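One structure is given below, encoded as structure tokens.
Rule-based calculations on the coordinates, nothing more; no lab input. Note that the structure is a prediction, hence the values are computed from the model and not measured. We place every Cβ from the backbone using ideal geometry, glycine too, and count neighbours over all the protein chains shown.
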Amino acid sequence: MTGVLCPGSYDPVHNGHLDVITRAAAMFDEVVVTVMVNPNKQGMFTVAERMELLRAVTADLPGVRVDSWAGLLVDFARTHGLVAIVKGLRGAADFDYELQMAQMNRKIGGVDTLYLATGVGTGYLSSSLLKEVAAFGGDVADLLPAVVHERLQQRLAERRA
């Protein structure tokens, strides 16, 4: 079985993420969507909430499972017998940043990184931008899976109260 991981913060998961995960699932036997834990960052959603949302939006994708990890990504890959990391690229700035990480992951852990160009219509999406637009009342409903949009609206209402 050939397995890969798709790491990210997923705070929250959006249609661009889902596009990359769906395409990776079509190519590999197993895709482990991995919520990376950064103790220095406070997300809008807890790691458990992000994992719950990811499970909900990937439930119909065979071979996809959701996990979390705090530490070196290559350690997670080795521990779980995964052969590569799959990342989506929105543009040149992403590539410049991701290339250094890919080279380091290859050097320290022997794990390759594969890139998927973002799908048409999702290249401008980022979780941070979506949260900001939604916080100011912008309509982001068509940019997020419905269950995620609903939870985002709930969280924003909680923060306003």
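Hey, how many Å between the Cα centroid of the stretch 92-136 and the Cα centroid of the stretch 3-28?
11
If neighbour count is taken as other Cβ atoms inside 10 Å, put 94, 142, 67 in order from fewest to most. Before the final figure, lay out the partial values.
Details: 94 17, 142 9, 67 14.
Ordered by Cβ neighbours within 10 Å, fewest first: 142, 67, 94.
Based on the Cα atoms of the stretch 85-161, what semi-axes does the equivalent ellipsoid have, where each is the square root of 5 times one gyration tensor eigenvalue, given in whole Å with the largest first?
The answer is 32, 14, 11 Å, longest axis first.
Can you tell me what percent of all Cα-Cα pairs in the stretch 3-160 are more than 22 Å apart?
Roughly 40 percent, once rounded to a whole number.
So which lysines can residue 41 reach, going by Cα to Cα under 17 Å and dropping same-chain residues fewer than 8 places off?
131
Based on other C-beta atoms within 10 Å, arrange 21, 108 from fewest to most.
On the way: 21 25, 108 12.
Going from least to most buried by this count: 108, 21.
Treating cross-link reach as a plain straight distance, find the lysines whose alpha-carbon is under 22 Å from the alpha-carbon of residue 107, omitting any fewer than eight places away in the same chain.
Counting by Cα, and skipping residues close in sequence, residue 107 has these lysines nearby: 87.
Could you give the nm distance between label points at residue 157 and residue 107, where each point is 7 Å from its Cα heading toward the beta carbon?
5.0
Looking at the chain, send over the antiparallel percent of its DSSP beta bridges, to the nearest 5. Can you show the working numbers first?
Working: 0 of 20 bridges.
Counting DSSP beta bridges with both partners in the chain, the antiparallel share is about 0 percent.
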